[in-house]
Amino acid sequence: MRLEQLQAFLAIAETGSFQQAARKCGVTQSTISRQIQALEADLGVEMFHRTTHAKLTLGGERLLPRVRKICQEWQNATEELADLMTGKQPELCIAAIHSLCASYLPPVLQKFCHDYPDVQLRVTSLGSDRALKVLKDGLVDLAIVMNNRFLTTSREMVVEVLYDEPIEVLSAANHPLAQYEYIPWSELIRYPQVVFKDGYGMQRLIQDRFERLEAKLQATLEVNTLDAFRGVVRQGELIALLPQSALVEARQDPTLAVRPLASNSVGALGDNSSLTRRVVMVTTQDRLQIPPIKYFWQLVRENIPPQTNQQRSAS
């Protein structure tokens, strides 16, 4: 059984004529006749009484309401796909890491909402691993995350590197580490830390660095929001290692101190202890064909990270 057979059946039932149905379907009358014959052969039931007026048989009457539903569903599906490919999708779902949502992303969101007012933009702040999982599960259209090459190597994935940024130390203003202009690793490893919860790329990055330093990470507390990091660190005892973009508000807070890491280290790393994270944007090949998703992708590429006036003039 084929869709065009059902469409021919419906056209005859609605017009009462093989000839008019042929015109409605844009085919010849002989083609319509062959389609109905094939349908009747498949079902083993005659659909029409062959008289001057094509009248439905009892079998045809029973089939008609179901064929109407099938043809209507097909029409709805084709219209939805056509709308999708012309940018008329109802919503665009984004998953992004917390620091990006708090710093670089808001101007991009505002620009997109202005240019695509009919698309409902939904943004969820998630850890990198979770964001990539919901992308793979089809729950979001695009993810902006800390790179994890083990989760982004599928053939259907498209990965755009946005920027690399240094990891810095957040402490209370009166913490002993705040006296340093650049904090040595030999001093840093002495103090307990507040870290991101399991499943966040930052926790994995920091744990890996401590293991390479052959040092123990004193992870006293786990949180998952930047407000929580600032609130806990402000109490004076704990410190945190956070990416530069997550420390924008902390730099303006007189009760907090932000310091870069020193370039020398202890243990296995010798003299090279630079600690950075790479932020990437990820989607799938098929999604990049959809106009709103493609436009959002381009907006992010052009605006994250924000260029300074000096960078703009140089480019």
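The values are calculated or read from the model by the stated rules, or taken from the named source; none is laboratory data. All values reported here derive from a predicted model rather than from experimental measurement. Backbone-built Cβ (ideal geometry, glycine too); neighbour counts: all protein chains shown. Surface accessibility is based on the protein's heavy atoms, side chains included, excluding ligands, DNA and RNA. Shrake-Rupley method; radii C 1.70, N 1.55, O 1.52, S 1.80 Å.
Collect the residues in the stretch 200-241 that are open to solvent by 50 Å² or more (accessible area, probe 1.4 Å), more than 27 Å from Phe150 (Cβ to Cβ), outside any loop (DSSP other than H, G, I, E, B) and among the charged types (D, E, K, R), keeping them in residue-number order.
Within the stretch 200-241, Asp227 is the sole residue that qualifies.
Would you mind stating whether Ala38 is in contact with a Ser or Thr (Cβ under 6 Å, 6 or more places away or on another chain), without any contact (Cβ under 8 Å) to a residue 40 or more places away in the chain and under 24 Å from Gln75 (Cα atoms)?
No; evaluated as a whole, the condition is false for this residue.
Going through the stretch 27-80 one residue at a time, which ones are hydroxyl-bearing (Ser, Thr, Tyr), closer than 15 Å to Gln5 by Cα and open to solvent by 70 Å² or more (accessible area, probe 1.4 Å)? Steps first, please.
At the first step, the residues of the stretch 27-80 found to be hydroxyl-bearing (Ser, Thr, Tyr) are 28, 30-31, 33, 51-52, 57, 78.
So of that shortlist, the ones also closer than 15 Å to Gln5 by Cα come out as 28, 30-31, 33.
Thr28 - this is the single residue of the stretch 27-80 that is hydroxyl-bearing (Ser, Thr, Tyr), closer than 15 Å to Gln5 by Cα and open to solvent by 70 Å² or more (accessible area, probe 1.4 Å).
Quick one: how many residues across the stretch 27-52 are of a type outside the set (Asp, Glu) and part of a helix (DSSP H, G or I)?
Of the residues in that region, 13 qualify.
Which of the residues spanning the stretch 209-218 are farther than 19 Å from Ser99 by Cβ and touching a residue at least 24 places away in the same chain (Cβ under 8 Å)?
Result: Arg212, Leu213, Glu214, Ala215, Lys216, Leu217, Gln218.
For the stretch 6-26, give me each residue that is open to solvent by less than 70 Å² (accessible area, probe 1.4 Å), in a helix (DSSP H, G or I) and either in contact with a Pro (Cβ under 7 Å, 6 or more places away or on another chain) or not polar (S, T, N, Q) (or both).
Just the residues of the stretch 6-26 that are open to solvent by less than 70 Å² (accessible area, probe 1.4 Å), to begin with: 6, 8-13, 15-18, 21-22, 25-26.
Adding the requirement that they be in a helix (DSSP H, G or I) leaves 6, 8-13, 15, 18, 21-22, 25.
Hits for the stretch 6-26 are Leu6, Ala8, Phe9, Leu10, Ala11, Ile12, Ala13, Phe18, Ala21, Ala22, Cys25.
Taking the condition of being in contact with a Pro (Cβ under 7 Å, 6 or more places away or on another chain) and either under 17 Å from Thr220 (Cβ atoms) or of a type in the set (Gly, Ala, Ser) (or both), how many residues in the stretch 147-195 meet it?
Final tally of qualifying residues: 1.
Please state which one of Thr284, Thr255 is in contact with a Lys or Arg (Cβ under 9 Å, 6 or more places away or on another chain), open to solvent by less than 20 Å² (accessible area, probe 1.4 Å) and at pLDDT 90 or above.
Exactly one residue qualifies, and that residue is Thr284.
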